[in-house]
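A quick write-up on the structure given underneath.
Read-outs: derived from the displayed coordinates by stated rules, not from any lab. Note that the structure is a prediction, hence the values are computed from the model and not measured. A quick note on method: Cβ atoms are made from the backbone with ideal geometry, for glycine too, and the neighbour counts reach across all protein chains shown.
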Amino acid sequence: MSERIAICPGSFDPMTNGHLDIIRRAARLFDRVIVAVAGDAEKKHMSALEKRLIMVAAACEGLENVTAEAFDGLLVAFCNERNGIAIVKGLRTTDDISHEAQMALMNSELAPDIETVFLLSRPQNAHISSTMVRWLSELGADISGYVPARVAEQLTARQ
Ligand code: PNS
């Protein structure tokens with residue numbers, strides 16, 4: 001049987017503990033997980049693509065079936081290029097649902113064979129977002145409880 005590959009996409013600006021938890025759980029459900037870090041074209045990011053990719057790769061070290069790659073353009077095109085069968089995303093609160101459902105419906109119209117799989121965030125991560133971490137970081141607060149240790153190291157090294 002061919003490998004069952006999942007794609008975990010995001011901006012990861014920066015990667016949070018919530019992201020890492022979803023990736024770990026996806027890695028138990030699929031043979032291989034590719035964390036797809038979105039390029040800089042779409043949004044203005046705090047960290048450039050190369051730095052976000054380095055942080056994601058460092059945080060995923062030790063997860064044997066997980067790799068990280070940058071992508072630009074359509075997510076479903078990247079997914080097809082990598083033979084992905086599913087897009088895995090986390091849902092934190094009900095606020096996430098409408099936006100994520102809209103993207104999932106659009107992606108399934110564009111590529112009907114690719115399923116979007118939602119994993120519910122663990123309660124301890126439900127209030128953590130990259131936006132919140134960036135805000136705390138800008139205000140000089142300690143963000144080490146909200147991001148993987150390897151990400152915290154890189155972010156504090158730059159301040
Ligand atoms: O972490 P984010 O910012 O919520 O991630 C959003 C991301 C990168 C998953 C989303 O913007 C995306 O899928 N971008 C790729 C472009 C694309 O395929 N757009 C159509 C989706 S309906």
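Once you sort the root eigenvalues of the Cα gyration tensor of the chain as a ≥ b ≥ c, which label holds: rounded (a/c under 1.5), prolate (a/b larger than b/c) or oblate (the other case)?
Because a/c hits 1.5 or more and a/b exceeds b/c, the chain counts as prolate.
Name the residue, out of A36, A26, A48, whose mean-square fluctuation peaks in a Gaussian network model built on the chain with Cα pairs under 10 Å.
Residue with maximal mean-square fluctuation among A36, A26, A48: A48.
When the chain is modelled as a GNM with alpha-carbon springs shorter than 10 Å, which of D21, D95, D40 fluctuates the most?
Result for the chain, Cα springs under 10 Å: D95 fluctuates most.
Of the residues T131, T94, T16, which exhibits the maximal mean-square fluctuation in a Gaussian network model of the chain defined by a 10 Å Cα contact cut-off?
T94
Ignoring everything except DSSP H segments at least 4 long, calculate the 222 nm mean residue ellipticity for the chain; use -39,500 (n - 2.57) per segment, divide by total residues, nearest 500.
Mean residue ellipticity at 222 nm (helix-derived): -12500 deg cm²/dmol.
In a shell of Cβ-Cβ distance under 9 Å around A6, excluding A6 itself, what net charge do Lys and Arg (+1) and Asp and Glu (-1) give?
+1
Local charge sum around D31 (other residues, Cβ-Cβ under 13 Å, Lys/Arg +1, Asp/Glu -1)?
Taking every Cβ under 13 Å from that of D31, the sum is +2.
At what distance in angstrom do the alpha carbon centres of the stretch 84-146 and the stretch 26-54 lie from each other?
After rounding, the separation between the Cα centres reads 12 Å.
Suppose we flag GluC sites (Glu not before Pro) only when DSSP calls them loop and at most 15 other Cβ atoms lie within 10 Å. Which is the longest uninterrupted stretch of the chain?
Free of exposed loop sites, the longest segment is 65-159.
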